[in-house]
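Structure first, then comments.
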């Protein structure tokens, strides 16, 4: 019998299982490891089909070569060659359908894996187990924010509220409270404006502080450093995919010891007012937040 170069049993038989729905795949019924296994299996099957296609092409070429070399009636050879080409063509068509099916399944798996990865990121955010590189970036920004409040703004407040200005004596808490309030008002101006898309300017902050009665003469270099630092912090916070915010909306009287850091560096007293808000990363446990800076007023904790 003439060798047509084609055996149906040699063609890879690809089952057509139904793909799980998106809801089922992302509900936890199918793990990410399961889908990775499916994806690996599909890739192996696709490689097998492609290898089989190359083998069919090679056999067709062999048959064409036999026909060209002669041997028997030319008409008979041409007839057999046509029959071979038809069978090979049918096989290639069937194989192409299988490849199309595999590619469709592969795309479905990739879409589902993308959704699972996204769900994994959301779960990590919700449980505080977000990718470490984003946490590291926020940790660096937290350190800059801590320095800005605890050093740069503290130094600025000494100029805004000079010790020889007697009006601070009339304020509850005296000079320490006045300087802490100056920092609090400056923090509010710096960060609320920047977070609303309008970065603070040294000129605008200085004008407001002067209008409120603070001593602003000669503060320009230190103030510009503070403004640039705050704008940089807001900008870098927005560049991290893991969201973070400054918690201005807090009632300091509800805070308990361990939920704040005393701005006036004393161990006794009760929360009097907010100086600078906590830095909170979404999904992060509260104990990992950079705690709010609070001015402690005289009194006993409840």
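The values are calculated or read from the model by the stated rules, or taken from the named source; none is laboratory data. It should be emphasised that the depicted structure is a prediction, and the values quoted were computed from it without experimental measurement. Cβ sites come from the backbone with ideal geometry, for glycine too, and all protein chains shown count toward neighbours.
So is residue 119 in a helix (DSSP H, G or I), modelled with pLDDT under 70 and not assigned by TED's automatic domain parsing to the domain that holds residue 247 or not?
Details: in a helix (DSSP H, G or I): yes; modelled with pLDDT under 70: yes; not assigned by TED's automatic domain parsing to the domain that holds residue 247: yes.
Yes.
Given the condition outside any helix (DSSP H, G or I) and under 26 Å from residue 142 (Cβ atoms), answer yes or no: does some residue in the range 183-195 qualify?
Narrowing the range 183-195 to residues outside any helix (DSSP H, G or I): none.
Looking for residues that are outside any helix (DSSP H, G or I) and under 26 Å from residue 142 (Cβ atoms), one finds none in the range 183-195, hence no.
State which residue pairs qualify: first residue on the phi > 0 side of the Ramachandran plot and in the same structural domain as residue 188 (by TED's automatic domain parsing) and inside the range 262-276, second residue crowded, with 16+ Cβ neighbours inside 10 Å and assigned to a strand (DSSP E or B) in any location, beta carbons under 8 Å apart, and separation of 6 or more residues or different chains.
Going by the 8 Å Cβ cut-off, the qualifying pairs are 269/262; 269/296.
Determine, yes or no, whether residue 246 is surrounded by 17 or more Cβ atoms within 10 Å (Cβ to Cβ), more than 33 Å from the chain's Cα centre (by Cα) and not in a loop (DSSP other than H, G, I, E, B).
Working: surrounded by 17 or more Cβ atoms within 10 Å (Cβ to Cβ): yes; more than 33 Å from the chain's Cα centre (by Cα): no; not in a loop (DSSP other than H, G, I, E, B): yes.
Spelling it out, it is not the case that residue 246 is surrounded by 17 or more Cβ atoms within 10 Å (Cβ to Cβ), more than 33 Å from the chain's Cα centre (by Cα) and not in a loop (DSSP other than H, G, I, E, B).
Being touching a helix residue (DSSP H, G or I) at 6+ places or on another chain (Cβ under 6 Å) and either assigned by TED's automatic domain parsing to the domain that holds residue 140 or outside any strand (DSSP E or B) (or both) is true for just one of 213, 218, 283, 232. Which residue is that? Before you say what the answer is, go through the steps one by one.
Numbers: 213 fails: touching a helix residue (DSSP H, G or I) at 6+ places or on another chain (Cβ under 6 Å); 218 fails: touching a helix residue (DSSP H, G or I) at 6+ places or on another chain (Cβ under 6 Å); 232 fails: touching a helix residue (DSSP H, G or I) at 6+ places or on another chain (Cβ under 6 Å).
283 is the lone residue from the list that is touching a helix residue (DSSP H, G or I) at 6+ places or on another chain (Cβ under 6 Å) and either assigned by TED's automatic domain parsing to the domain that holds residue 140 or outside any strand (DSSP E or B) (or both).
Quick check on this structure: which one of 230, 200, 280 is free of Cβ contacts under 8 Å to residues at least 60 places away in the same chain, under 32 Å from the mean Cα position of the chain (by Cα), under 17 Å from residue 141 (Cα atoms) and crowded, with 17+ Cβ neighbours inside 10 Å?
Details: 230 fails: free of Cβ contacts under 8 Å to residues at least 60 places away in the same chain; 200 fails: under 17 Å from residue 141 (Cα atoms).
Going through 230, 200, 280 in turn, the sole match is 280.
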